[in-house]
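Here's the structure, in structure tokens; my notes come after.
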Amino acid sequence: MAEMMIYGLVATNSFMLFTFAIYIITQMYKIIGADNKMILDFDLIESENSCSQSLYCSIVNWYKLDYKILFLYTWSFWFNSENSDIPIGLRIGRKNDKMKDILNSFFSIQFQQIDTSQDFSNEIIEIIHNELLKNKPVIVGTNLYWCPWSKKYKKESRYPDKRIHPEDCDNIIIIGIDFDKKIVYCKEKNTDNKFVFATFNDIIYGCKKLNLLEKGDKSGPRNNFDWKKSIKRSLEYTNQNIFTENVFENMKELALHLKNVDLDLNSERNGLSDLYLADIPLLDRIMNIGRARKQFAKVLQYFVRNFDANQLSPFINDFYEIRNKWDNIKIIFLKGFKVNRLSRQTLDSIADEINNLSILEEKAFYDLRNIVK
């Protein structure tokens, strides 16, 4: 009887071990696949964000958390009224949106950055593979010359060194790998959230830096979160300008400048042909300024929905409308670049609109400050 019991236990344990082994193999099969590949189920948050913003929002979303708080410091503006020899498009913009700081402070998400600009080895692929095995996507800073989905892929670069110049660089998220085909699967802002791929060689020769994810235990603002304090800090950041003490006076300076100059569109192109029309600094930065107003509206909406900050509700539509006005300015400039001409009357009209926007934004600023002071 004892022998039969021992045999039964051995048989049972053997069966359990066999079952466990099958489970492990099955899970590995799901990860690697029959054809030696793996792809993470990753959605890219686009919604008019810039490339880096899309990546940061997508990473937060990957952890099934709300990313809207990332837009807390997007409302800003600057204009350098000096250095008149520099194109206007290079003298306007907005400050750093501090998204990486917010990723760390609210979500304890950090990036271990590895410089690969001088590394042309398969070690880059090994690092990517190891991260994917940990169920973590990898952010890669690469050059558009080495991105197969780009119109610049192995066809055109304004620089002899096709790796290190930031003007032609892009950030992509690698979410999968296939060793049989020697490709990695990527998500990139301009690819409609579909899979795109790059060869191992594309990554090895184009990769400038790898960003590896590290996640702590924070999961965003808690129930006792002081949204007024956060908005107050955000407003302080908005009005801390680079060139003047008042950001809205800075906008008026830009309007006055446009009234008094004949805009040299060839200079504003900054050497870019029609192929790079969207990259013209004046168009790109006006677009980013408008987009930042929409993003700030989203963070206000986030506070209203999650922390009963109903006092902020009237401002949400205001910022969406302000964003639309900036977008209209961009469209007018775009039309001018397409025909290579902007009349004096059109420039005056743009200047008047920017001046009006400075008044609208300043009013919103002080009204918000009165709520959170």
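Read the figures in this text as sums done on the coordinates, not as results from a lab. These figures come from a predicted structure and were not determined experimentally. Methodologically, a virtual Cβ is constructed for each residue, glycine included, from the backbone with ideal geometry; neighbour enumeration extends over all protein chains shown.
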- Task: Report, please, the projected area of region 180-294 averaged over directions, based on the convex hull of its C-alpha atoms, in nm².
- Result: 13.4
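Run through region 190-292 and list the trypsin sites (Lys or Arg not before Pro) located in a DSSP loop whose Cβ has at most 12 other Cβ atoms within 10 Å.
On the way: sites: K194, K208, K209, K215, K218, R222, K228, K229, K232, R233, K252, K259, R269, R285, R291; in loops: K194, K208, K218, R222, R269.
Answer in residue order: K194, R222.
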- Message: Can you tally the net charge around N340? Count Lys and Arg as +1, Asp and Glu as -1, for every other residue whose Cβ sits under 12 Å from the Cβ of N340.
- Response: +1
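If you put +1 on each Lys and Arg Cβ and -1 on each Asp and Glu Cβ, how big is the dipole of region 54-127 around its Cα centre, in Debye rounded to 20?
500
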- Item | Stretch gain in nm, segment W149-N324, where the contour uses 0.36 nm per residue and the Cα spacing is subtracted | 60.0 nm
- Task: Find, among the trypsin sites (Lys or Arg not before Pro) in region 325-364, those assigned to loop by DSSP (not H, G, I, E, B) with at most 13 other beta-carbon atoms within 10 angstrom.
- Result: R341
- Task: Take the cross-link list K98/K181; K155/K215; K181/K294; K154/K338; K134/K228; K187/K218 and give me the ones stretching past 32 Å between alpha-carbons.
- Result: K98/K181; K155/K215; K181/K294; K134/K228
- Message: Give me the extension gain from I371 to E214: residue separation times 0.36 nm, minus the current Cα-Cα distance, reported in nm with one decimal.
- Response: 52.9 nm
- Note on the structure: In this structure, the FRET efficiency calculated for K229 and L256 from their beta-carbon separation, with R0 = 35 Å, to the nearest 0.05, is 0.45
- Message: For region 172-241, take the convex hull of the Cα atoms, compute a quarter of its surface area, and give me that in nm², please.
- Response: 8.8
- Using Cα centres only, tell me the gap between region 219-270 and region 37-78 in whole Å. 22
